[in-house]
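Nothing in this text is a laboratory measurement; each read-out follows from the coordinates by a stated rule. From a predicted model like this one, the values you see are computed outputs, not experimental measurements. When we count neighbours, we look across all protein chains shown, and the Cβ atoms used for this are built from the backbone with ideal geometry, even at glycine.
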Amino acid sequence: MKAALTLLLAALPALVLADDPAQGPEPRFSSGWRFEQRSGPALYGALCAACHMPDGRGARGAGAYPALQGNPRLAATPYALHMVLNGHRAMPGFGRQLSDEQVAAVLSHVRARFGGMPPETAGVTPAESAEVRKGQQASPAVAH
Ligand code: HEC
């Protein structure tokens, strides 16, 4: 019995990270799930790299995963925060799984590493994340 439980638990991360674009906008994680990672690089590796690729170049296959590398939309802070918190179409939202500190850490990392933004402006604060979370931002929309 204990061995079976251990096996089941060992298989859980694979289930959670399994990428099935056909799954649509269903929540991919239970609301009780919280990620332990705290640093931007660790969070990126655990949560984003599977779709956007470790080098941020995105991918095209069963679905289209936009490149974050050189993506000018990363500079639109409310938009980028909105994507991470709420998701959009095939992009899952992480608002329920991440604290504002974690959201700020991963987005600051992505903007500095892939967005070509200097460290002074790449930083996103937990307060900015909290604002978007509460829906207080003017508009998450970005010019297409
Ligand atoms: C399950 C795959 C998947 C994961 C995991 C994922 N994304 Fe995405 N992401 C997408 C897709 C698909 C889109 C395009 C969504 C759309 O159609 O608007 C996207 C869009 C984005 C955009 C907007 C890009 C643009 O040009 O408009 C940002 C920013 C982004 N993702 C950041 C992240 C970050 C940061 C993480 C990790 C916390 C992450 N994504 C995790 C699939 C994913």
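Taking amide hydrogens as placed 1.01 Å from N in the peptide plane, the amide H of ALA59 sits under 5 Å from those of TYR65, each at least 5 positions away in sequence or on another chain. Each peptide in 76-82, 45-51, 103-109 was scored by the mean count of other Cβ atoms within 10 Å over its residues; highest first, the order is 103-109, 76-82, 45-51.
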